[in-house]
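Below is one structure, written out as structure tokens; the observations come after it.
The values are calculated or read from the model by the stated rules, or taken from the named source; none is laboratory data. The shown structure was predicted, so the numbers you read here are calculated from the model rather than taken from an experiment. Cβ: placed from backbone, ideal geometry, glycine included. Neighbour counts: every protein chain shown.
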Amino acid sequence: MESKIQDEMKCYICGRQFNLERHHVFFGTANRSKAEEDGMWVWLCHDCHYGVHNGNNWAKEDLQRWGQENWEKEFGDRDAFIKRYGKSYL
């Protein structure tokens, strides 16, 4: 599925257009496949992707909030989001 959050192939954080990796906004064993199904992913360059998973908490939290806002616009309300992903990030 295409990303529902981003329509350009560039790093969502810094804007680089090379060394890109797909980042699932909601990750972990239970949520990665749901995020893939729902289009809840963005492109991140390798450096930003590494940072999100290794201590750049503001970026991870911002992506999760943006992801939830986008999901709710596309698929349903807050209760439906919590039922699907287990908690609210807003």
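Odds and ends about this structure:
- Yes/no for A80 being modelled with pLDDT under 95, touching a helix residue (DSSP H, G or I) at 6+ places or on another chain (Cβ under 9 Å) and not aromatic (F, W, Y): no
- The listed residue being assigned to a helix (DSSP H, G or I), of a type outside the set (G, A, S), surrounded by fewer than 19 Cβ atoms within 10 Å (Cβ to Cβ) and over 11 Å from the mean Cα position of the chain (by Cα), out of K73, K60: K73
- If you go through segment 25-47 and keep only what is in contact (Cβ under 8 Å) with a residue 40 or more places away in the chain, of a type in the set (D, E, K, R) and over 14 Å from Y85 (Cα atoms), you end up with nothing.
- Total residues in segment 19-30, condition out of contact with any helix residue (DSSP H, G or I) (no Cβ under 6 Å at 6 or more places or on another chain) and either surrounded by fewer than 13 Cβ atoms within 10 Å (Cβ to Cβ) or at pLDDT 95 or above (or both): 5
- Of the residues making up segment 62-90, those that are under 22 Å from C14 (Cβ atoms) and out of contact with any Phe, Trp or Tyr (no Cβ under 7 Å at 6 or more places or on another chain) number 6.
- Only one entry in K87, K4 is surrounded by 13 or more Cβ atoms within 10 Å (Cβ to Cβ) and of a type in the set (K, R), namely K4.
- A80 being surrounded by 12 or more Cβ atoms within 10 Å (Cβ to Cβ) and within 13 Å of the chain's Cα centre (by Cα): no
- Inside segment 35-57, residues that are in a helix (DSSP H, G or I) and closer than 16 Å to Y89 by Cα make up a count of 3.
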